[in-house]
Amino acid sequence: MTSRVRFSSASLVILVAASSLFAQSSPRDLAKQLDTAFSGLATADTPGFAVLVKKDNRVVFEKGYGVRDLRTKTAIDARTNFRLASFSKQFTAMAIMLLVREGQLRYDQTLAQVFPEFPAYGKTITVRNLLNHTGGLPDYEDLMDALEKTKGPIWSPEKQIPDAEVLQLLEKESQGKFAPGTKWEYSNSGYVVLGLIVAKVSGKPFGEFLRERIFVPLKMDHTLVFEKGKNEVINRAFGHSKKENAFLETDQSSTSATQGDGGIYSNLQDLSRWDDALRDHTLLSEREFALAITPAKLPPGADSKLAEDVPKSLRGHASAYGFGWFLNLQDPHPLMWHYGDTMGFKTAIFRYVRDNVTVIVVCNRSDIDQGALGLKAAQVVLPSR
């Protein structure tokens, strides 16, 4: 969504040097060494980040750095709520999977079957296509830009585009970007539509469905789908971007109100509960959830674009995509992961399923490479290859 700014070379040197020390250290020194590696990246006067590291179902590191905002300068901790951005997609996918399990929806159901008014090109786009980014829907941000070029400014941080208007933009188009199932291309449009499908099929607003079916059962008490003017994010971190040597609050954009593609706020404590539920198969059985970590099937030679659509630090870990998860299952340390990247926020979750290691990174500043930070943290606790 926003431009991806990397760690400085000096910061990466610190992390690489620290990781070489970790391999020689005893487990009891783990937290201290991680803290040493991360503490130089934010100060008590700058926005920052929070990191959670789990190994064998136990939290081995959990700490915040920097402040939630530059007005109050309240310190970031494990209860600070960050906008998850595209990290949210795994929750949208889970909501769809719950509806499928209950027989209210089918993976082969088409967009036009759910929304009869949708134009003809929706007759071949299935729910499965939307989940694994093979549907070929037009990019709604491109459609916004095109409309504003002819009609002038329409949306802004104060007048944000809601999901219903995204659907209207898609319904005005006569065709998709490619035939469904023939390519892979990351689609925020697809996940906005999935959120709308959850609402229509369940008869409940998307945020209410997630609260009732995911957040409350898992005791994720401070996680919510944010709706400006309708609910409130407690302990809220505000997003920031660095311009020259100063940080500016850049918390909201014209697309910050969309839900299924990135509208969730959460914190390390709640996300640890989410990780527990995934490990323990609390919401779906292992067999039911297996589809979420099954790579999307593409025709031979199809352009996947996977490497183009993730931060540079993560490109070697994006070999496939399931339902709301990037996958790298052939690695010696099989990995399911996702990242979020929007104005002022960067987030990531890494779940090394065979090693029982999880790393979660949430940032409220745009100049930190959440992928590099998370991967370095994972190196500390992953066994040697």
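When a/c is below 1.5 the answer is rounded, else prolate if a/b is larger than b/c, else oblate, so apply that to region 251-337 with a ≥ b ≥ c taken from the square roots of the Cα gyration tensor eigenvalues. Can you show the working numbers first?
Values: a/c = 1.73, a/b = 1.11, b/c = 1.55.
Oblate, since a/c reaches 1.5 and b/c is not below a/b.
Between the C-alpha center of region 332-385 and that of region 103-170 there is a gap of 30 Å. GNM remark for the chain: springs join alpha carbons under 10 Å apart, and the peak mean-square fluctuation among Q109, Q370, Q269 falls on Q109.
Classify region 25-169: rounded, prolate or oblate, from the alpha-carbon gyration tensor (a ≥ b ≥ c, eigenvalue square roots; a/c under 1.5 rounded; otherwise prolate if a/b is larger than b/c)? Cα axes put region 25-169 in the oblate bin. Only one of [x] 74, 55, 47; [y] 199, 47, 37; [z] 60, 46, 41 was calculated from the structure for Cα extents along the principal axes in Å, and its label is [z]. When the chain is treated as a GNM with alpha-carbon contacts under 10 Å, the residue of D270, D261, D309 showing the greatest mean-square fluctuation is D309. For region 82-225, the tally of Lys pairs with Cα-Cα distances below 27 Å comes to 28, considering only residues 8 or more apart or on different chains. Peptides 353-365, 73-85, 114-126, 38-50 ordered by packing proxy, namely the average of other Cβ atoms within 10 Å per residue, highest first: 353-365, 73-85, 38-50, 114-126. Using the 1.4 Å probe convention, the accessible area of the chain works out to 42 Å² per residue with neighbouring protein chains retained. Computing the accessible area with a 1.4 Å probe over protein heavy atoms, can you report the carbon and sulfur percentage for the chain? C and S atoms contribute 50 percent here.
The values are calculated or read from the model by the stated rules, or taken from the named source; none is laboratory data. Computed from a prediction, not measured in an experiment: that's the story for all the values here. Backbone-built Cβ (ideal geometry, glycine too); neighbour counts: all protein chains shown. With ligands, DNA and RNA removed, areas are computed over all heavy atoms of the protein, side chains included. Shrake-Rupley method; radii C 1.70, N 1.55, O 1.52, S 1.80 Å.
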